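Asks: Before I ask anything, here is the structure I am working with.
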Amino acid sequence: MEIQINDQKLDVNLDNEKTIGEILSVLEKWLSHSGHILSGLCIDGFEITASEVEEAFSKEIDSVKHLNIKTTPIAEIAASSLVALLDDIKEYEVLNFKDKSEFFNNWKNSAAGKFIESEIHDLYQLCVNTFSHGETNSKDLYSITEERLREITEPEKEFNNIETVLNDICEKLIDLPLDIQTGKDIKAAKTIQLFTAVTEKIIRIFYQFDTQGYFLSEQKTKTREILVEQISDFTGILKELLEAYEKNDSVLVGDLAEYEASVKIKELYKAILQNCRREK
């Protein structure tokens, strides 16, 4: 059986796979790492519809001569889902109270709703809060969605714009233990909240760089491994910082904030900035 992905022949050895479903299960893992998702299937020249998928998956490979798998970049689907969400928010804002109460049940079953639930969990929860419970203001949700869209469509520009905010929050981290000691709880909480938000944004954009082909190809695998290790180390430090903050341990907070967190996050930011460039 010849296997193609987007009309390009795939050189692959089939070992224990006996059915089309087993082959796709193996390939899906590889596709997810390459930033793509399965979006279509053609068996011996025939396009497989949604109602035919289950039957197609059970086909034994010995009965198939040609398998053509269609894929779509995850970033492309994510961007279109976020654009659709922006339109959905606008629609929601002009509804009356009764229609607003019914909006979420329809939205969650839409293509955009299902994708966001599956792939962008934190944003989905904000959508739930806005469309179902009303805990998140629709204007705030719109602004956050626009930001997430920029991270996908303009990751380099969005990443460069982090630097000023990052430097500012790292300076505030140094004052964090004093804020805790002097009872400036609101200021301390805002510092922790902003530092966490900046960290999450850096990691989100790193994921976009990773899946959209921004790593320099000559050292792609090695570079990715080093950066992933840096991210792992930093998230450990962040966890320690948050735990110390929750315990009001101002001494440990001070040490972690000044000598670990603020230093490591800048190192991580610079490492990503230096190594992630889309090749022309």
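Asks: Please indicate, with yes or no, whether at least one residue in region 129-150 is in the same structural domain as Ile265 (by TED's automatic domain parsing) and among the aromatic types (Phe, Trp, Tyr).
Replies: No, region 129-150 contains no residue that is in the same structural domain as Ile265 (by TED's automatic domain parsing) and among the aromatic types (Phe, Trp, Tyr).
Asks: Among the residues of region 48-68, are any outside the structural domain of Ser143 (by TED's automatic domain parsing) and basic (Lys, Arg)?
Replies: yes
Asks: Shifting gears a bit: What are the residue pairs meeting all of these: first residue in region 167-179, first residue over 14 Å from Gln193 (Cα atoms) and in contact (Cβ under 8 Å) with a residue 40 or more places away in the chain, second residue surrounded by 14 or more Cβ atoms within 10 Å (Cβ to Cβ) and among the charged types (D, E, K, R), Cβ atoms under 6 Å, and 6 or more apart or on different chains?
Replies: Matching pairs, first to second residue: Ile174/Glu258.
Asks: Looking only at residues that are farther than 15 Å from Thr136 by Cβ and of a type in the set (Lys, Arg) in region 84-102, which one is modelled with the lowest pLDDT?
Replies: Lys98
Asks: Output the residue which, of all residues in region 1-56 that are among the basic types (Lys, Arg) and free of Cβ contacts under 8 Å to residues at least 40 places away in the same chain, is nearest to Gln208 (Cα to Cα).
Replies: Lys29
Asks: Further question: Can you name every one of the strands (runs of 3 or more DSSP E) wholly within region 1-97 that holds 2 or more residues which are in contact with a Ser or Thr (Cβ under 8 Å, 6 or more places away or on another chain)?
Replies: Where strands (runs of 3 or more DSSP E) fall fully within region 1-97 and carry at least 2 residues being in contact with a Ser or Thr (Cβ under 8 Å, 6 or more places away or on another chain), they are 36-43, 66-73.
Asks: Please indicate, with yes or no, whether at least one residue in region 222-230 is surrounded by fewer than 18 Cβ atoms within 10 Å (Cβ to Cβ), under 27 Å from Ile120 (Cβ atoms), among the acidic types (Asp, Glu) and free of Cβ contacts under 8 Å to residues at least 24 places away in the same chain.
Replies: yes
Asks: Within region 104-113, track down each residue that is part of a helix (DSSP H, G or I) and either modelled with pLDDT under 95 or small (Gly, Ala, Ser) (or both).
Replies: Result: Phe104, Asn105, Asn106, Ala111, Ala112, Gly113.
Asks: Please specify each residue of region 33-83 satisfying the condition of being modelled with pLDDT of 90 or more and under 24 Å from Arg224 (Cα atoms).
Replies: Thr71, Thr72, Pro73, Ile74, Ala75, Glu76, Ile77, Ala78, Ala79
The values are calculated or read from the model by the stated rules, or taken from the named source; none is laboratory data. If you're wondering where the values come from, they're calculated on a predicted model, not measured in any experiment. For neighbour counting, all protein chains shown are included, and Cβ atoms are generated from backbone atoms with ideal geometry for every residue, glycine included.
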